[in-house]
Every structure is written in structure tokens, then in C-alpha cells.
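Scroll down for the structure; my scribbles are underneath it.
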Amino acid sequence: MLKGGMGNLMKQAQKMQEQMAKAQEELARAEVTGESGAGL
């Protein structure tokens, strides 16, 4: 495997982890607002 390819793979994995963390944060926020606005 290429050295550059391996570094690229690590960068992509890191990006995905960041996106997952962001998505989870947004989901947690949505759940909180959803509970407070139960009437909708």
C-alpha cells in the first residue's frame, strides 16, 4: 500500500469521526428541543 494512501485513509477516518460526533451533538440537541416542544 502507498504511504500517501495510508495517510489519506487516516484523514478520511478522522473526518468521518468528526462528522459522526457533530451529528450526535445535533441529534442530542434535537432530542432536547423535541422534548420541550412536545405539543408539535
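The values are calculated or read from the model by the stated rules, or taken from the named source; none is laboratory data. A quick note: this is a predicted structure, and the numbers were derived from the prediction, not measured.
Summary table below
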{"quantity": "Criterion (within 10 Å of the chain's Cα centre (by Cα) and modelled with pLDDT of 75 or more) met by exactly one of LYS15, LYS11", "calculated": "LYS15"}
{"quantity": "Positions within region 18-39 being modelled with pLDDT under 75 and among the acidic types (Asp, Glu), in sequence order", "calculated": "GLU35"}
